[in-house]
Amino acid sequence: MILEALGSVLIGLAVAVAALRWLPRQLPATPLVLSTGPGAALFGALLGHSVLGDGHPTATLATSLIMAVALLSLLVRRPRRRLHRSAAA
């Protein structure tokens, strides 16, 4: 259980860092993203472990990956567009 928790936190951190590199302008503050990823993955591992029980570490880590990606996707916002106003208006 401890190794599953540690593995899920590392998975969440890796997903958060990848999201920050891939979508830097569409995510909010970096500390929020770096804390949401591991927290969501840890919650996903807890959820997967409680549903599946002992003996399924791969499925538990997959659940933590899915949960981290899902919750980080909720932080993504659309890029802002600049309004082009003419000087004549």
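The values are calculated or read from the model by the stated rules, or taken from the named source; none is laboratory data. Just so you know, these numbers come straight off a predicted model, no measurement behind them. Every residue, glycine as well, gets a Cβ built from its backbone with ideal geometry; the counts of neighbours run over all protein chains shown. For accessibility, only protein heavy atoms count, side chains too; no ligands or nucleic acids. Shrake-Rupley method; radii C 1.70, N 1.55, O 1.52, S 1.80 Å.
By accessible area, using a 1.4 Å probe on protein heavy atoms only, the chain has 67% of its surface on carbon and sulfur. Tell me the angle of helix 2-22 to the major Cα principal axis of the chain, expressed in degrees between 0 and 90 and rounded to the nearest ten. Helix 2-22 sits roughly 20 degrees off the main axis of the chain. Axis of helix 57-73 versus longest Cα principal axis of the chain: the two differ by about 20°, to the nearest ten degrees.
Two-decimal Rg/Rh of the chain from alpha-carbon positions, Kirkwood Rh?
Details: Rg = 17.5 Å, Rh = 14.0 Å.
Over the Cα atoms of the chain, Rg/Rh equals 1.25.
Estimated at 0.36 nm per residue, the fully extended path between Trp22 and Val76 surpasses their Cα-Cα distance by 18.3 nm. In plain terms, the chain from Met1 to Thr58 could stretch by 19.3 nm, reckoned as 0.36 nm per residue minus the Cα-Cα distance. Taking Cα atoms only, the orientation of helix 30-52 departs from the longest principal axis of the chain by about 30 degrees. Remark: the chain carries a charge dipole of roughly 1000 debye about the Cα centre, counting +1 on each Lys and Arg Cβ and -1 on each Asp and Glu Cβ. Solvent-accessible surface of the chain, averaged per residue with a 1.4 angstrom probe and all protein chains in place: 73 square angstrom.
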